[in-house]
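The structure appears right after this line, and notes come after that.
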Amino acid sequence: MNSAERSFLEKTPNMKIEVVEENVPCSTECLRKSELAEVLNDESFREQIEILDSIISLIRDNVSSLKMKVKDILGEEGISLENATYTIYHLVEEGGDVVFGTNYLKYNERLIFEGDFNSMNSVYKKISSMREDPDVRALCDQIRNLCEATWRHVNKNLRKMFTSESNES
């Protein structure tokens, strides 16, 4: 096992999935930009990272689907689509509630909407119903499960590969 592989095992580099801000292990592109780029020279390692790339692509597809669903339901003017998508995902997966300010709705300091009381109330009700929507919940759960699968892949397959290679030496 070389030093880059050892570094990878000790502290797996990670990146955030856009919009939902979930951490996943680095993809091929991310690794190429890191100080561990040399691990991609190992063909079997690269094949395992390509599997990771596929899972990350599925996550991004699901995030995009969630974002479109949020847009369809909350399609009000003045909505921050990315912040609303982030909010729906985290409300479903972690719980909590939206902060109802004097003229704004926020979640985790992210501004979702600004407007008058009636408009805010309407958006708040839509967010509340979305968080209970079975299709929305299924998408959010799929995103979370796939994010967890990326870490399982690293822990089961990549670590095992490096460990077995070092045992053979």
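Normalising by the residue count of the stretch 45-132, find the relative contact order in percent from Cα pairs under 8 Å and 6+ residues apart.
The value is 24 percent.
Not counting the cut sites, what is the longest span of the chain without GluC sites (Glu not before Pro) that DSSP labels loop and that have at most 11 other Cβ atoms within 10 Å? Counting at most 11 other Cβ atoms within 10 Å as exposed, the longest clean stretch of the chain is 110-169. Here the relative contact order of the stretch 18-81, from alpha carbon pairs under 8 Å that lie six or more residues apart, stands at 30 percent. Counting Lys and Arg as +1 and Asp and Glu as -1 over every other residue whose Cβ lies under 10 Å from the Cβ of residue 70, the net charge comes to +2. Overall, the accessible surface of the chain at a probe of 1.4 angstrom is composed of carbon and sulfur to the extent of 44 percent. From helices alone, the chain scores -20500 deg cm²/dmol at 222 nm; the rule is -39500 (n - 2.57) for each run of n ≥ 4 DSSP H residues, then divide by the residue total. By the Cβ distance rule (another cysteine Cβ under 4.7 Å), the unpaired cysteines of the chain are 140, 147. Label-to-label distance, residue 38 versus residue 18, with points set 7 angstrom from Cα along the beta-carbon direction: 3.2 nm.
Using Cβ point charges alone (K and R +1, D and E -1), the dipole size of the stretch 1-134 about the Cα centre works out to roughly 300 debye. Our coupling estimate for the stretch 64-70, obtained by passing each phi through the Karplus curve with A = 6.51, B = -1.76, C = 1.60 and θ = phi - 60°, is 4, 5, 4, 4, 5, 5, 4 Hz, Gly and Pro reported as x.
Averaged per residue, the stretch 81-155 has 49 square angstrom of accessible surface, using a 1.4 angstrom probe with ligands and nucleic acids left out. Each Lys or Arg adds one and each Asp or Glu takes one away; over the other residues whose Cβ falls under 12 Å from the Cβ of residue 22, this sums to -2. Under the criterion of Cα pairs below 8 Å and six or more residues apart, the relative contact order for the chain equals 26 percent.
The values are calculated or read from the model by the stated rules, or taken from the named source; none is laboratory data. None of these values were measured; they are calculated from a predicted model. Backbone-built Cβ (ideal geometry, glycine too); neighbour counts: all protein chains shown. These area figures cover heavy atoms from the full protein model, side chains too; ligands, DNA and RNA do not enter into them. Shrake-Rupley method; radii C 1.70, N 1.55, O 1.52, S 1.80 Å.
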